[in-house]
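The values are calculated or read from the model by the stated rules, or taken from the named source; none is laboratory data. All figures in this text were calculated on a predicted structure; none of them were measured in a lab. No Cβ is skipped: glycine too gets one built from the backbone with ideal geometry, and neighbour counts run over all protein chains shown.
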């Protein structure tokens, strides 16, 4: 009793995991969630989703981890369940396929041939012994593997067979899907995605990734990348026409690779790819400073940076830049000392302004103002991409086999009795029956012509 009960439970589990309904349901769920993961921005901070989707949707996005759909526990669970479904279906179907593949198509009788979907029988009373070689020659012209079996119902049975491996096409599809899943998961957990912002002349050996909580995660690179030059062109309406970065890969202090990249033409080195994704303009000004004792210094100040006049201990930073204020560029700058004490003031180009530090009076003037650009690079490493490509190749081949390769069999039986010569031509296929029948009728007509029958 226990054994029967255990077997019953085992069959229930196997039937569930091999269910076609389960496969269709999982496929639909994966398709829907993949659409969500494509439409909904991924990898943004939680604050981004709160501001753009509101409190209600934010709770759903956060609880279901929709901000990182393809790494969420439920998405990986769906992939795992779908993979189990494919594996169980494959294992349960395999014995039947092996039997079908190993079935000997020569183990047929004359009556079996006459029950085939396509067949034609001839009875020739007056045979001059020249018809048989002609018939065999016509039959042998069919492409495929030719096999012969003697003494079949008093005659000789020939078989031409091709596309027998058609039965394995569905397994190629199953395996290819599992390979694609494996490559995607492997690449997802062993690779990375990040961003780099570089000014002309700058070099870095790390990328940045924004975590959902807003923290910046640094991703070290096994080499350094330098932006030699960045160019941007605009249409008359101000829209960007082209932005291009001239990049150099530096490893162990040596330049190992150079390339100018644009959108859709990235640079790849050691499995890490750099895509031209964006740019950012940064204000930059030159400030001339005259100290109380007449010393002069010209300092270049950019946003997110600061300049120092070592002799005086003066620290200067750029707060804001306006290209045109009553016909002249203006900049709001910060002036202080290394300890953090300081103040802010506005400078207009070619308009001197005084600034007092203690009992010392400094004179400042903005002699030049403008913008320079930072290149925005998307950095991606996906070690699983070649596994995915392998899976996609297998998938295409599998579909090709399933839909276009048929198991075609042509039988020719020739025998003699007291009434003369008897010939049976039969055929069967499991794919593209229209084309197969057309070819079969052609062979039939050629044999009929060789027999001199109409």
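Checking 25, 33, 56 one by one, the residue that is part of a helix (DSSP H, G or I) and either in contact (Cβ under 8 Å) with a residue 12 or more places away in the chain or surrounded by 16 or more Cβ atoms within 10 Å (Cβ to Cβ) (or both) is 33 and no other.
Report yes if residue 3 is in a helix (DSSP H, G or I), more than 22 Å from residue 179 (Cβ to Cβ) and modelled with pLDDT under 90, otherwise no.
Numbers: in a helix (DSSP H, G or I): yes; more than 22 Å from residue 179 (Cβ to Cβ): yes; modelled with pLDDT under 90: yes.
When the stated conditions are applied, residue 3 passes them.
Does at least one position in the stretch 393-403 carry a residue that is assigned to a strand (DSSP E or B) and surrounded by 18 or more Cβ atoms within 10 Å (Cβ to Cβ)? Among the residues of the stretch 393-403, not one is assigned to a strand (DSSP E or B) and surrounded by 18 or more Cβ atoms within 10 Å (Cβ to Cβ), which makes the answer no.
Filtering the stretch 101-139 to residues that are part of a helix (DSSP H, G or I) and surrounded by 12 or more Cβ atoms within 10 Å (Cβ to Cβ) leaves 101, 110, 112, 113, 131, 132, 134, 135, 136, 138, 139.
Candidates 413, 404, 389: the one that is in contact with a strand residue (DSSP E or B) (Cβ under 6 Å, 6 or more places away or on another chain) and either outside the structural domain of residue 111 (by TED's automatic domain parsing) or more than 30 Å from residue 275 (Cβ to Cβ) (or both) is 413.
One line per residue, one yes/no per condition, for (1) modelled with pLDDT under 95; (2) within 19 Å of residue 117 (Cα to Cα); (3) surrounded by 17 or more Cβ atoms within 10 Å (Cβ to Cβ):
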position: 349; (1), (2), (3): yes, no, yes
position: 357; (1), (2), (3): yes, no, yes
position: 361; (1), (2), (3): yes, no, no
position: 374; (1), (2), (3): yes, no, yes
position: 380; (1), (2), (3): yes, no, yes
position: 384; (1), (2), (3): yes, no, yes
position: 388; (1), (2), (3): yes, no, yes
position: 420; (1), (2), (3): yes, no, no
position: 434; (1), (2), (3): yes, yes, no
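For the stretch 154-172, the condition holds for no residue, the condition being that it is part of a strand (DSSP E or B), over 31 Å from the mean Cα position of the chain (by Cα), loosely packed, with under 15 Cβ neighbours inside 10 Å and in contact (Cβ under 8 Å) with a residue 12 or more places away in the chain. The strands (runs of 3 or more DSSP E) located wholly in the stretch 291-390 that include 3 or more residues which are within 53 Å of the chain's Cα centre (by Cα) occupy 296-302, 306-309, 314-325, 328-336, 342-348, 360-381. Does residue 241 satisfy the condition of being in a strand (DSSP E or B), outside the structural domain of residue 48 (by TED's automatic domain parsing) and surrounded by 12 or more Cβ atoms within 10 Å (Cβ to Cβ)? Taking the combined requirement at face value, the residue does not satisfy it.
Please specify each residue of the stretch 196-218 satisfying the condition of being in contact (Cβ under 8 Å) with a residue 60 or more places away in the chain and either surrounded by 16 or more Cβ atoms within 10 Å (Cβ to Cβ) or farther than 16 Å from residue 68 by Cβ (or both).
Of the stretch 196-218, the ones in contact (Cβ under 8 Å) with a residue 60 or more places away in the chain are 196-200, 207, 209-214.
Across the stretch 196-218, the qualifying residues are 196, 197, 198, 199, 200, 207, 212.
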